Amino acid sequence: MTEKDLLKNEFIETSYIIHLKKEITLKIGEYPSELLNYFPKIESWAFITAWNPLPAILSNAQNKIRNSELLAQFNAANYETYPGIGISKNEKWSEASFFIVNIDLEAAHSIASQFGQLAFLYGDRERGNELIFTH
């Protein structure tokens, strides 16, 4: 099994938690009924972090700066964003992230790539939550 395959399994087993008035957890491969009830007009979404661009593992301070830069980019583009966190199944790692409302796949892919991310969660009403690799 390749390193990418191992990471794919990690991503699939990760819980992607959006911090709203009520926390909503997204999972790769699941249809997000709870999310669609909370955001009845949402068409598409992404869950992206700037933490730990592979293969680098950065300090918390460095990761927080990178996430601030990521949020500034979302804000400059007028995306509706909410804080979130990705937590591994075994809870050995977590990464502060952002949930982005009504972002298209091309924009999400471009931003995730710009911040050195191997993959990100992307979803829409038709397909639900998917794992998208940037390369």
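Based on DSSP, what percent of beta bridges with both residues in the chain are antiparallel, to the nearest 5?
100
How large is the dipole of the chain about the Cα centre if only Lys and Arg carry +1 and Asp and Glu carry -1, each at its Cβ, rounded to the nearest 20 debye?
My answer is approximately 300 debye.
Could you work out the relative contact order of the stretch 1-76? I mean the mean sequence separation of Cα pairs under 8 Å and 6+ apart, divided by the number of residues, in percent.
16
When only Cα pairs under 8 Å and 6 or more residues apart are kept, what is the percent relative contact order across the stretch 3-133?
About 34 percent, as a whole number.
May I ask which residue of Phe39, Ser59, Gly116 lies farthest towards the positive end of the charge dipole of the stretch 3-133, with charges of +1 (Lys, Arg) and -1 (Asp, Glu) on Cβ and the Cα centre as origin?
Farthest towards the positive end: Ser59.
Hey, can you grab everything whose amide H is under 5 Å from the amide H of Leu58? Only 5+ residues off in sequence or another chain; H modelled, so Pro and N-termini drop out.
When sequence neighbours closer than 5 places are left aside, the close amide H contacts are Asn52.
Starting from the 7 Å offset along Cα-to-Cβ, what nm value, one decimal, do you get for the label separation of Asn90 and Lys27?
1.9
Which lysines have a Cα lying under 29 Å from the Cα of Lys92, excluding residues fewer than 8 positions away in the same chain?
Hits, sequence-local ones excluded: Lys4, Lys8, Lys21, Lys22, Lys27, Lys64.
Glu106 to Met1: FRET efficiency via 1/(1 + (r/R0)^6), r the Cβ-Cβ distance, R0 41 Å, to the nearest 0.05? Display every interim value, and only then the final one.
Working: r = 30 Å, r/R0 = 0.74.
So the FRET efficiency works out to roughly 0.85.
What list of ³J(HN,Hα) values in whole Hz, one per residue of the stretch 46-56 in order, does the Karplus curve 6.51 cos²θ - 1.76 cosθ + 1.60 (θ = phi - 60°) give from phi, with Gly and Pro shown as x?
Per residue, the Karplus-derived 3J(HN,Hα) values read 9, 10, 10, 10, 10, 5, 6, x, 4, x, 6 Hz.
Count the net charge of all other residues whose Cβ sits under 15 Å from the Cβ of Ile17, scoring Lys and Arg as +1 and Asp and Glu as -1.
Working: positive: Lys21, Lys22, Lys27, Lys89; negative: Glu13, Glu23, Glu30, Glu34, Glu91, Glu95.
Net local charge, Ile17 excluded: -2.
If you wrap a convex hull around the Cα atoms of the stretch 9-135, how much volume per residue is inside, in Å³?
Working: hull volume 13.5 nm³, N = 127.
Given the Cα convex hull of the stretch 9-135, per-residue volume reads 106 Å³.
No lab work stands behind these numbers, since they all come straight from the coordinates. What you are looking at is a predicted structure, and each value in this text was computed from that prediction instead of being measured. A quick note on method: Cβ atoms are made from the backbone with ideal geometry, for glycine too, and the neighbour counts reach across all protein chains shown.
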